[in-house]
Amino acid sequence: MTAQARRYLTELERERDALRTSTSPQRELPLFTPVEAAVPVQSAALEALRALDPNSLSPREALDLLFRLQTLDRGDA
C-alpha cells in the first residue's frame, strides 16, 4: 500500500514539474489587468443628476426628473 502511494506521489510530482516548465500561453496572461484611469463622462443627463437633491423631491417630481434625465441621455433635449 505504501509503495503504491509513493508511486502515485512521484507521478503527481512529475506532472507538477512538467506544468511548471511548460510554455503554455495561459501562463503569460496576467491575473489582474491594470485599470486605466477612467475618463470622466460628461453629459447633460449626468450634470443634471449631479445637481439634484433627491431628499427635496416629491414622488411626482422624482418621476418627472427620471423622464427628463432619460430624454437628456438620448440627446433629445
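Summing Lys, Arg as +1 and Asp, Glu as -1, what charge do residues with Cβ under 12 Å from the Cβ of GLU13 carry, GLU13 excluded? In short, +2. Each residue of region 55-64 was assigned a 3J(HN,Hα) from its phi angle through the Karplus curve 6.51 cos²θ - 1.76 cosθ + 1.60 (θ = phi - 60°); the sequence is 6, 9, 8, 7, x, 5, 5, 5, 5, 4 Hz, with glycine and proline shown as x.
Taking 0.36 nm per residue of separation and subtracting the Cα-Cα distance, full extension of the segment from GLU47 to ALA18 would add 4.8 nm.
No lab work stands behind these numbers, since they all come straight from the coordinates. These numbers were taken from a predicted model, which means no experiment stands behind them. Because the Cβ atoms are built from the backbone with ideal geometry, glycine has one as well, and the counts that use them run over all protein chains shown.
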